[in-house]
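One structure is given below, encoded as structure tokens.
Only the coordinates and a few stated rules stand behind these numbers; no lab work does. Here the structure is a predicted model, which means the values were calculated and not measured. Don't worry about glycine lacking a Cβ; one is built from the backbone with ideal geometry, like all the others, and counts go over all protein chains shown.
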Amino acid sequence: MKTLLTTAAILAVATTTHADDTKHFEGSSLGGEVGYLSGDGPTGTYYGGTLGLRKQTDSNIVFGLEGTVGTTSTGYYFDESDSENFYKIQWSAMGTVGYASGRNLFSVGTGFARAYSSYVYYGIEEDASYNALAGMVSYERAIGDHLSIRARVMTYKFDNYISSIGLALRF
């Protein structure tokens, strides 16, 4: 009986140790997100997708590359004219670093962003685009072996902010 209890205790400790060593945030991921754009200029609902690649070290530091693409449904009126401003598409590419604690990941990132927009001003439609430095902070929770939920705030030039929540599938 002692041998059986000792064996069960060793297996329980070994299984628990193995579960804690799981790298929940390593590999490729594909995700979708929805959020809100606010700041200096247009505001509105944001929706888009993410594609990423990460490496989680034995010390739980997570390094990654991430790309996003999305659009924002906005309507912004300048003074009393009939002006509207719409983001057609915006994308970013950035490097990220974070710390994983069990199934939780806290990370920051920085990189390049580009936005394409069109606007109507007194009946004349114009297209515009701009490049910007992008930054982000995020919290991610692994809710399964291959699925995570993430809350993120991204900024372009510290003028516009996208707060979003989304799901990511790791493969």
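Amide H contacts under 5 Å for Thr43: Gly75, restricted to partners 5 or more places along the chain or on a different chain, H placed in the peptide plane at 1.01 Å from N.
Around the amide H of Ser117, modelled in the peptide plane, lie the amide H atoms of Lys88, Ala128, Ser129, all under 5 Å away and 5 or more residues distant in sequence or on another chain. Net charge of the neighbourhood of Leu65, taken over other residues with C-beta under 14 Å away and scored Lys/Arg +1, Asp/Glu -1, is 0.
Full extension of the chain between Ser38 and Leu147 yields a length gain of 36.4 nm, computed as 0.36 nm times the residue separation minus the alpha carbon distance. Distance between the 7 Å Cα→Cβ label points at Phe158 and Thr110: 1.1 nm. Remark: the stretch 95-100, residue by residue, has Karplus-estimated 3J(HN,Hα) of x, 10, 9, x, 10, 9 Hz, where x stands for each Gly or Pro and the curve is 6.51 cos²θ - 1.76 cosθ + 1.60 at θ = phi - 60°.
Our coupling estimate for the stretch 132-139, obtained by passing each phi through the Karplus curve with A = 6.51, B = -1.76, C = 1.60 and θ = phi - 60°, is 7, 6, 10, x, 8, 10, 8, 10 Hz, Gly and Pro reported as x.
Neighbours of Asp159 by Cβ distance under 15 Å: Lys/Arg scored +1, Asp/Glu scored -1, total +1. For Asn160, the residues whose modelled amide H falls within less than 5 Å of its own, excluding neighbours fewer than 5 places apart on the same chain, are Asp40.
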